[in-house]
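**Student:** Here it is, the structure, as structure tokens.
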Amino acid sequence: MNVVIINHSDTAGGAAVVSLRLVHALRQEGVDARMLVVDRQGIDVYAQPMGDALNNKKNFLLERLGIYLHNGFDRSTLFQVDTCTHGVDASQHPWVREADVVVLAWVNQGTLSLKGIERIHKLGKPIVWVMHDMWNATGVCHHAYDCRKYQHTCQACPLLGTKGRDLSTRTQRRKAALYSRVPIHFVAVSHWLEDTCRHSSLMARSQVSVIPNAFPVADFDYHRLPCDGYLDLPAGRSVVIMGARRLDEGVKGFDQLIASTQHIASHKPALASRLHLLLYGGIAREELLGQLALPYTYVGTVASRDMLSQLYRHSDIVLSTSLYETLPGTLIEGQASGCIPVTYGKGGQADIVNHLKSGYIAAYKSPHSLAQGLEWAADQPVSREALHREVERKFAAQAVARQYIDLFERLLHGRQQELHSSTI
């Protein structure tokens, strides 16, 4: 079986990482899988560029300009929305023409256009579209937050700052036209995202399967390491690790972390004396760290997988205060390393955490409930190996690859039956 995955980049962003990981997982299962990108930054031989640099840049800028002209020239939300108006004609690439199945991943920002996707369909190949956020189900946004217009008609988009029928309305209609003409099988990486699709006016009738992202479970050792002066972490305390690409990005809920620590310090002094925060990732406003009411160690951005594994192995609890997450990778990483997850539940967290068994799902936007979750986790006689095995069962690359192969085989069998029926 020959499969090509199309994504914006090979290394930049979560979708890139998990898509390239899927390529290798499929190859280990005997599938000739490859990846095409417009922003190639790595050296993996199975991920190659498509288009040419000049035209790719042109497509990117034209799409951004179109959004910029419709959002009141607001740079702050320029990359929170996408329209899929410009992109490479991937239907002309030999890897696409040779493929049995074409898999689309994150294809915005000048990667593919909706018209280009229809051209791929005209080659007669099954198309699978892996959703890493809500974009397929909305007008233009990747995360709708508290907006529910995507369930009916997108208009007066909060991220565009417009009134009435706007760019979100037109893009929603363009997507609807594509979905009506092209039989796309969508894959949601969490059950929460699948449920979002069911409530979307665009996707209520779409074919949607749930297959999680593949995870390199074997790269994460679950054996706890003693602090012994490592990063000046104190011995005898429960270390709570939390990380993000940028900790103070709004959706990551750093204000929730601050409020939770302040609640613990004020109302649970005994618990406060037992906890120590370990934070990693970028932060634009370092002064926010001073508002934390618990002792902490901040290590900045972590570029090495080995160092990340070391951080988790020195930790006991993995915390996510994110307000929205499709399938939060830090929780999977932490649990694979033997840490108990504590998190909000607005997203795919329930696919990872079995509440009050393998972790704690706090009441949404409640720092008080987060504090209760941390207290619960600190008191658990946890088996780090059991937490690791649960992640292995759900997210190991081999298991995920097999789910995709089963899907591909079903789609190819259905395609063969259609061709057979048309010749009778």
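The values are calculated or read from the model by the stated rules, or taken from the named source; none is laboratory data. Keep in mind the model is a prediction, meaning the values are calculated, not measured. Here the Cβ positions follow ideal geometry from the backbone for every residue, glycine too, while neighbour counts run over all protein chains shown. Only protein heavy atoms, including side chains, enter the accessible area calculation; ligands, DNA and RNA are left aside. Shrake-Rupley method; radii C 1.70, N 1.55, O 1.52, S 1.80 Å.
**Student:** Which of the residues that make up region 111-132 are over 22 Å from Ala401 (Cβ atoms) and either out of contact with any strand residue (DSSP E or B) (no Cβ under 9 Å at 6 or more places or on another chain) or without any contact (Cβ under 8 Å) to a residue 40 or more places away in the chain (or both)? So that I can check it myself, show each step before the final result.
**Tutor:** To start, the set of residues in region 111-132 that are over 22 Å from Ala401 (Cβ atoms) comprises 111-124.
If the condition is that a residue be over 22 Å from Ala401 (Cβ atoms) and either out of contact with any strand residue (DSSP E or B) (no Cβ under 9 Å at 6 or more places or on another chain) or without any contact (Cβ under 8 Å) to a residue 40 or more places away in the chain (or both), then Ser113, Leu114, Lys115, Gly116, Glu118, Arg119, Ile120, Lys122, Leu123, Gly124 are the ones that fit.
**Student:** Does at least one position in region 121-128 carry a residue that is closer than 20 Å to Asp39 by Cα, small (Gly, Ala, Ser) and open to solvent by 20 Å² or more (accessible area, probe 1.4 Å)?
**Tutor:** First pass over region 121-128, keeping only residues closer than 20 Å to Asp39 by Cα: none.
Scanning region 121-128, I find no residue that is closer than 20 Å to Asp39 by Cα, small (Gly, Ala, Ser) and open to solvent by 20 Å² or more (accessible area, probe 1.4 Å), so the answer is no.
**Student:** Does any residue of region 297-313 turn out to be part of a strand (DSSP E or B), under 21 Å from Gly14 (Cα atoms) and more than 18 Å from the chain's Cα centre (by Cα)?
**Tutor:** Initially, region 297-313 is screened for residues part of a strand (DSSP E or B), giving 297-298.
Then keep just the ones that are under 21 Å from Gly14 (Cα atoms); that gives none.
The answer is no; no qualifying residue exists.
**Student:** Ok, one more. Output the strands (runs of 3 or more DSSP E) that fall wholly within region 130-247 and possess 2 or more residues being over 19 Å from Ala105 (Cα atoms), open to solvent by 70 Å² or more (accessible area, probe 1.4 Å) and out of contact with any Lys or Arg (no Cβ under 6 Å at 6 or more places or on another chain), or say none. First the steps, then the outcome.
**Tutor:** Numbers: elements: 184-188, 207-210, 238-246.
Answer list for region 130-247: 238-246.
**Student:** Right, here's the next one. Taking region 303-318 only, how many residues are surrounded by 15 or more Cβ atoms within 10 Å (Cβ to Cβ) and either in contact with a strand residue (DSSP E or B) (Cβ under 7 Å, 6 or more places away or on another chain) or free of Cβ contacts under 8 Å to residues at least 12 places away in the same chain (or both)? I'd like the intermediate steps shown before the answer.
**Tutor:** Kept after step one, since they are surrounded by 15 or more Cβ atoms within 10 Å (Cβ to Cβ), are these residues of region 303-318: 308-318.
From the residues that got through so far, the ones that are either in contact with a strand residue (DSSP E or B) (Cβ under 7 Å, 6 or more places away or on another chain) or free of Cβ contacts under 8 Å to residues at least 12 places away in the same chain (or both) too are 311-312, 314-318.
Selection size over region 303-318: 7.
**Student:** Continuing with the same structure: In this structure, is Leu278 without any contact (Cβ under 8 Å) to a residue 60 or more places away in the chain and assigned to a helix (DSSP H, G or I)?
**Tutor:** On the way: without any contact (Cβ under 8 Å) to a residue 60 or more places away in the chain: yes; assigned to a helix (DSSP H, G or I): no.
No: the conditions fail for Leu278.
**Student:** Next question, about the same structure. Would you pick out the residues in region 281-300 that are at negative phi and either charged (D, E, K, R) or free of Cβ contacts under 8 Å to residues at least 24 places away in the same chain (or both)? Can you show your working first?
**Tutor:** Kept after step one, since they are at negative phi, are these residues of region 281-300: 282-299.
Arg285, Glu286, Glu287, Leu289, Gly290, Tyr296, Tyr298, listed by residue number.
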